[in-house]
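J.: Input: one structure, supplied below.
The values are calculated or read from the model by the stated rules, or taken from the named source; none is laboratory data. What you are looking at is a predicted structure, and each value in this text was computed from that prediction instead of being measured. All Cβ positions, even for glycine, are placed from backbone atoms using ideal geometry, and neighbour counts span all protein chains on display.
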Amino acid sequence: MERRLAAILITDMVGYSRMMASNEADVFARQQKLRLEVIDPKIAEYGGRIIKSTGDGVLVMFHSVVDALRCAVMLQLEITEREAFQPLQERLVYRIGVNLGDIILEDGDIYGDGVNVAARLVQVAEPGGICIAETVVSQVKGRVSSGFEFQGEQRLKNLPDPVRLYHVKMVPEKPADRQMPLKIGDFTFNPKSGVITDANGEIVHIRSQSQKVLAVLAETPDKLVTKDKLISEVWNGIATTDDSLVQCITDIRRTIGRGSIETFPKKGYRLRIGNATSAPAPAIAPNKKRYVWPAIVFLFLMSGASIYLLWPSDPSEDSQTLDIIGGPSDIKLAVLPFTNLSGDPELRYFSNGLSEDLTTDLSKVPDLTVISYASSVELNETEQAFSRIAESLGVRYLVRGTVRHHGDRVRINVSLIDTGAGSNLWAERYDRDTRNPFDVQEEIARNVAETLSLTLGSKATEQRRVEPDAFYMLLRGLEKMRTYSPSGNAEARKYFEQALEFDPDYARAYANIAISYGRETEFRYSEGISIAEIQKGLEAAITAIRLNPNLPDAYFALGILNLALNDYDKALAAARHSIKLDKNYSDGYALLAEAGVYGGDLSEALAAIRNAKLLHPKHPATYDWVEGHILFQLERYEEAKPLLEGVVEQTPDFLRAWLLLAATNGQLLDLEEASFAYMRAQGLLPEIGSGKAEEFAWYVSEERRANLRNGLEAANQELRKVK
């Protein structure tokens, strides 16, 4: 028998007996799917151990009460999102109780006051809510995103003393707050706490120095970590020898398996995750160049025939350069995110999705400039006047709206505001069935266009032919994709794949799947590219174009993937075609600019990125990086420098921005700043050094390669002097 302090999480399904009595088979199947796809993976993600499950709930133990509460919050939010479009009486709703207290472990089960209090907490939790004791609040306050509301001191059944109870005001955890435990063979390592547990969930003890070495290796699993980095971070300047490091590596291998760590003689070590007894072939090639080996080229050539069949028949259409980049029209408009009045924050994806799709529809209107929805999505109309919002976006007209759900009905209020005149030009209310959201979009777009005395584009909208459930899954995915993070990208792709389960011919779902794979290459600028990701991305993009040749997103995805393949001609053609389909497509212009700096016309590239910025005033830092890159290759170094400095300030882990800043300062002979930027780049990718600069110059032009190489060599020479 063992006693310890632990965090306990218990879930309980609301109305379980009633629902099972009415439709046992359906409820059981849905509940099992929820366990498989949401509950169990989320518990594992936050390091929890399921002790036992009942028909309607689970008992879970955590080593960290912070992880337990974060897990509870994300469980409730994701379950609510999954069930939002089930009829109200048929939704699966859970209560959760979380407690921190003493427990007894015996024969794989747990007992004690910590468990008893948690069991009572879950009974008084609100449906869809989380109830916690004051002991939890005192431990997690300031360490989680959520807030707490005191519910008073209550006596709970069979407990001798009253308990001070709190309701959790749930706020989604930020991706940066999550630290997922790593699976290493039969063991699990929590990088945050340093705790190693075996297959039975028991803690495995290891020397503290060895634990620190494992933590550094776990920061970049399946990648080489140099001996110098390990010694520097673990011993922190204290004089030591390689023998101390070797002893720690031996200790780790003895504890979690010989195959857990791979040695690279005279270089360093690599932590293998997954099955530590075998050495699976890495999905990412060790060569850090962005060039892709013959297998990828062969794959692309095999799919090339399909792509060319889908391309415009007149080659001159996509061989034009500056002609397609016209200035914005005089009539400029932005769609603000529609306000969700439904009381359920998880329905925000519907109102945001409606706003984003309305932006896309209005972009098809001739003689109308529509600002990218990504620029307006974070604006809150209650925080500033409409005139200020319009001024910040560079527009005169704003479309705003509210969305309120009533069971299977949705009420949408929309108005068109002329901020110059300070008046409403038009307002309308729509009551619709949530199963048919598409007619509302088209009707609103047409009314706005008519009010502005314009003609709505005559092309039929693809959405009218889409299964509503597929559309809702797409909206959920777009909401996740807007986080611009690797984790959000992966979650978004799952929703797009679910959309295809409802509608296998949904072109927008395929296009966004392709974009998600294209983004995988963008998120890993410092690494090689996975063959599987490129292949899946190309297949999805080609399928999207076959299903809908007029979908800009599909060509944008094709362009990103071609850029990853260093096929700049096809990337440029895809970017130009996406812009022809949507003249307000800011990402299409940005892609045209990025492909242009590697293998196109620099004047066209500069015009394209500046047009992208006009269409997307709240653009991401990558837009500034592209413009800085173009100015660098135009030898306008003084103009490039402040842009690149802003980029590294916003995105300090952006390797290519540091390299370009180093080269810019090198060309300006600001050698101290050049060496500093080059040193920061080395910190992100230790393998770069003398003679390696050409590996980061992916240009068709030898002149552009030489320009970057010369700047980097000046920075590197100065850095060697300092050292």
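J.: Return a yes/no flag: does the stretch 7-21 have any residue that is part of a helix (DSSP H, G or I), under 33 Å from the mean Cα position of the chain (by Cα) and among the hydrophobic types (A, V, I, L, M, F, W, C). Even if it seems obvious, please write down each step before you answer.
T.: The first filter runs over the stretch 7-21 and keeps only residues part of a helix (DSSP H, G or I), leaving 16-21.
Right, trim to under 33 Å from the mean Cα position of the chain (by Cα) and you get none.
No - not one qualifying residue is present in the stretch 7-21.
J.: Now for a different question. Give me a count of the residues in the stretch 44-83 that are closer than 29 Å to Asp469 by Cα, modelled with pLDDT of 85 or more and in contact with a Leu (Cβ under 8 Å, 6 or more places away or on another chain).
T.: Here the count works out to 3.
J.: List every residue pair whose Cβ atoms lie under 6 Å apart, where the two residues are 6 or more positions apart in sequence or sit on different chains, the first residue falls within the stretch 537-550 and is farther than 15 Å from His577 by Cα, and the second residue, located anywhere, is surrounded by fewer than 24 Cβ atoms within 10 Å (Cβ to Cβ) and small (Gly, Ala, Ser).
T.: Taking only residues 6 or more apart or on different chains, the pairs are Leu538/Ser303; Leu547/Ala507.
J.: Pro181 - would you say it is within 21 Å of the chain's Cα centre (by Cα) and either loosely packed, with under 13 Cβ neighbours inside 10 Å or at pLDDT below 85 (or both)?
T.: On the way: within 21 Å of the chain's Cα centre (by Cα): yes; either loosely packed, with under 13 Cβ neighbours inside 10 Å or at pLDDT below 85 (or both): yes.
Spelling it out, Pro181 is indeed within 21 Å of the chain's Cα centre (by Cα) and either loosely packed, with under 13 Cβ neighbours inside 10 Å or at pLDDT below 85 (or both).
J.: Further, regarding this structure: If we scan the stretch 155-162, do we find a residue that is over 30 Å from Met481 (Cα atoms) and modelled with pLDDT of 85 or more?
T.: Kept after step one, since they are over 30 Å from Met481 (Cα atoms), are these residues of the stretch 155-162: 155-162.
From what's left, modelled with pLDDT of 85 or more: 162.
For the stretch 155-162, residues over 30 Å from Met481 (Cα atoms) and modelled with pLDDT of 85 or more: present.
J.: Quick check: is even one residue across the stretch 376-385 at pLDDT below 80 and over 24 Å from Glu479 (Cβ atoms)?
T.: So the first thing to find is which residues in the stretch 376-385 are at pLDDT below 80, and the list is 376-385.
After this cut, where a residue has to be over 24 Å from Glu479 (Cβ atoms) as well, the list is 385.
Yes; the residues of the stretch 376-385 include at least one that is at pLDDT below 80 and over 24 Å from Glu479 (Cβ atoms).
J.: To continue, here is another question. Could you check, for the stretch 455-477, whether at least one of its residues is modelled with pLDDT of 65 or more, surrounded by fewer than 16 Cβ atoms within 10 Å (Cβ to Cβ) and either more than 19 Å from Phe338 (Cα to Cα) or outside the structural domain of Ser363 (by TED's automatic domain parsing) (or both)? Can you show your working first?
T.: First, the residues of the stretch 455-477 that are modelled with pLDDT of 65 or more: 466-477.
Subset that is surrounded by fewer than 16 Cβ atoms within 10 Å (Cβ to Cβ): 469.
Going one step further and asking which of them are either more than 19 Å from Phe338 (Cα to Cα) or outside the structural domain of Ser363 (by TED's automatic domain parsing) (or both), we end up with 469.
Within the stretch 455-477 (the criterion being modelled with pLDDT of 65 or more, surrounded by fewer than 16 Cβ atoms within 10 Å (Cβ to Cβ) and either more than 19 Å from Phe338 (Cα to Cα) or outside the structural domain of Ser363 (by TED's automatic domain parsing) (or both)), the answer is yes, since at least one residue qualifies.
J.: Restricting the search to the stretch 205-222, which residues are part of a helix (DSSP H, G or I) and within 28 Å of Asp653 (Cβ to Cβ)?
T.: Within the stretch 205-222, the first condition is being part of a helix (DSSP H, G or I), and the residues that meet it are 208-219.
Gln209, Ser210, Gln211, Lys212, Val213, Leu214, Ala215, Val216, Leu217, Ala218, Glu219 - these are the residues of the stretch 205-222 that are part of a helix (DSSP H, G or I) and within 28 Å of Asp653 (Cβ to Cβ).
J.: Still on this structure, I have one more. Do we have Leu561 as at pLDDT below 90, surrounded by 20 or more Cβ atoms within 10 Å (Cβ to Cβ), part of a helix (DSSP H, G or I) and touching a Ser or Thr at 6+ places or on another chain (Cβ under 8 Å) here? Step through it out loud before you land on a result.
T.: Numbers: at pLDDT below 90: yes; surrounded by 20 or more Cβ atoms within 10 Å (Cβ to Cβ): yes; part of a helix (DSSP H, G or I): yes; touching a Ser or Thr at 6+ places or on another chain (Cβ under 8 Å): yes.
The answer is yes for Leu561.
J.: Can you tell me which condition Ala514 does not meet? The list is (1) assigned to a helix (DSSP H, G or I); (2) closer than 22 Å to Ser351 by Cα, and all the others hold.
T.: Among (1) assigned to a helix (DSSP H, G or I); (2) closer than 22 Å to Ser351 by Cα, Ala514 violates only (2).
J.: Restricting attention to the stretch 556-582, report how many residues are within 21 Å of Lys618 (Cβ to Cβ) and out of contact with any Leu (no Cβ under 9 Å at 6 or more places or on another chain).
T.: Within the stretch 556-582, residues that are within 21 Å of Lys618 (Cβ to Cβ) and out of contact with any Leu (no Cβ under 9 Å at 6 or more places or on another chain) number 1.
J.: Which of the strands (runs of 3 or more DSSP E) contained wholly in the stretch 66-160 include at least 2 residues that are among the β-branched types (Val, Ile, Thr) and under 35 Å from the mean Cα position of the chain (by Cα)? Break it down into steps so the answer makes sense when it comes.
T.: On the way: elements: 94-106, 109-111, 130-133, 147-154.
Strands (runs of 3 or more DSSP E) meeting the threshold: 94-106, 130-133.
J.: Shifting gears a bit: May I ask you to verify whether Asp40 is surrounded by 12 or more Cβ atoms within 10 Å (Cβ to Cβ), acidic (Asp, Glu) and in a strand (DSSP E or B)? Don't jump to the end; show me each part of the working.
T.: On the way: surrounded by 12 or more Cβ atoms within 10 Å (Cβ to Cβ): yes; acidic (Asp, Glu): yes; in a strand (DSSP E or B): no.
In short, no.
For every residue, the table says whether it meets (1) buried (at least 23 other Cβ atoms within 10 Å of the Cβ); (2) outside the structural domain of Asp198 (by TED's automatic domain parsing); (3) over 19 Å from Pro172 (Cβ atoms).
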position	(1), (2), (3)
Gly57	no, yes, yes
Arg70	yes, yes, no
Gln76	no, yes, no
Glu83	no, yes, no
Asp109	no, yes, yes
Ala118	yes, yes, yes
Gly129	no, yes, no
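J.: State which residue is nearest to Leu393 (Cα to Cα) when the search covers only the stretch 595-648 and only residues that are under 28 Å from the mean Cα position of the chain (by Cα) and of a type in the set (Lys, Arg).
T.: Among them, the one singled out is Lys618.
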